[in-house]
Amino acid sequence: MPETSTSTWTPPWEQPVWRASAESWIRHQLEVQGYKLTDPITQPHIRPWSTVMHIPTNEGDMYFKAGAPNQAFEPALLQALNRWRPRTSIPVLAADTDLGWMLIPDGGDTLRQMYQSEADLKRWEHILPMYAELQIETSKHADELLALGCPDRRLPNLPGFYRAMLADKDAMLIGREDGITNEEFARFQELETQFISKVEQLAAYDLPAALDHGDLHDANVLFDGSDYTFFDWGDASLTHPFFSLIIVLRVIASKLEIEVCDPKLTWVRDAYLEAWTEFATRSDLLAAFDLAHHIGKFARSLNWYSLITTLDPASVSDYLDTVPGWLWEFLHHKAG
């Protein structure tokens with residue numbers, strides 16, 4: 001079953017008591033490590049599932065991040081990534097892994113901030129092999145990832161998630177504004193056997209389950225002038241690694257004002273797949289990639305499903321269309 005709860009959780013980010021507690025924790029961590037505040041702490045980022053505070057110090061900008069309970073594994077995950085693959089993820093200066101709180105340094109500009117021309121998109125040719133190598137390393141630590149709290153969305157679990165989604169018609173907003181139609185729901189029901197077959201075909205290529213960032217795009221890649229690091233792992237899960245490219249391809253296609261299936265984007269796919277040639281032939285990798293790009297759109301719906309079913313309904317009312325939106329993408333998938 002998808003990672004849901006029988007009770008919902010209300011984001012406390014704007015409550016004075018929570019804010020005071022977070023600031024007290026931040027100040028204590030700064031004192032322990034010998035840093036000093038140079039300006040007031042601000043809270044520039046508030047979402048139902050997380051918040052970020054900006055902390056100006058005598059050693060440069062720092063940031064505090066807190067996540068909802070279903071994302072509380074992020075600090076421990078980030079600490080593990082720093083052990084397994086240093087220099088590819090931002091260091092953690094302090095963490096409370098029970099609360100899901102962490103203090104991190106400024107990691108530089110985002111790739112999105114650096115974008116000046118189409119030529120800048122070629123930075124992904126360097127970034128994607130790095131990311132794939134990070135995934136390959138995490139594939140060796142599946143049990144540890146699960147112990148840290150990462151959602152288990154490995155291929156054998158996906159048919160169960162599919163059946164659970166079929167049973168939750170409310171999440172699909174069937175026949176409602178921004179939801180899927182009754183005809184599309186009937187199609188979703190009909191596709192169950194085909195979906196299971198596709199999952200089995202993908203599993204047959206025997207590529208290892210690995211960490212999927214869950215939201216890999218140009219605002220979650222940082223550059224400090226020498227190294228690229230991957231940031232914001234709150235949507236991460238243990239699943240098929242190739243699902244990660246769904247968002248990347250969409251972002252680059254949008255920049256180029258072309259369709260995701262346009263042949264002009266094969267360089268993105270190829271830059272990523274090169275690191276996986278130790279596991280399969282190129283033809284098998286291409287076939288697996290095509291299957292993953294379709295199945296992964298259903299997997300994307302699980303990220304949002306987990307959020308809207310565990311957070312207070314009022315706090316996520318603006319995001320209810322995300323589950324049917326990704327299911328629509330899955331139902332209307334165009335092969336590359």
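A few remarks follow.
- Take the conditions (1) within 24 Å of residue 127 (Cβ to Cβ); (2) within 24 Å of the chain's Cα centre (by Cα); (3) surrounded by fewer than 17 Cβ atoms within 10 Å (Cβ to Cβ); residue 9 misses just one of them, which is (1).
- Subset of the range 113-127 that is over 15 Å from residue 225 (Cα atoms) and touching a helix residue (DSSP H, G or I) at 6+ places or on another chain (Cβ under 9 Å) - its residue that is surrounded by the most Cβ atoms within 10 Å (Cβ to Cβ): 124
- Meets criteria (among the aromatic types (Phe, Trp, Tyr), at pLDDT 95 or above, over 17 Å from the mean Cα position of the chain (by Cα) and more than 15 Å from residue 290 (Cβ to Cβ)) for residue 233: no
- The range 291-336, residues that are of a type in the set (D, E, K, R) and either crowded, with 21+ Cβ neighbours inside 10 Å or free of Cβ contacts under 8 Å to residues at least 60 places away in the same chain (or both): 297, 300, 318, 329
- Some residue of the range 79-102 being part of a strand (DSSP E or B), in contact with a Pro (Cβ under 8 Å, 6 or more places away or on another chain), of a type outside the set (Asp, Glu) and buried (at least 21 other Cβ atoms within 10 Å of the Cβ): yes
- Pick from the range 192-248, criterion β-branched (Val, Ile, Thr) and under 16 Å from residue 128 (Cα atoms), ranking: surrounded by the most Cβ atoms within 10 Å (Cβ to Cβ): 221
- Selection status of residue 26, surrounded by 14 or more Cβ atoms within 10 Å (Cβ to Cβ), aliphatic (A, V, I, L, M) and closer than 27 Å to residue 153 by Cβ: no
- Set 281, 193: member being closer than 26 Å to residue 305 by Cα and modelled with pLDDT of 95 or more: 193
The values are calculated or read from the model by the stated rules, or taken from the named source; none is laboratory data. Treat the numbers as computed from the prediction; the structure is a model and nothing was measured. Note: ideal-geometry Cβ built from the backbone for every residue, glycine included; neighbour counts use all protein chains shown.
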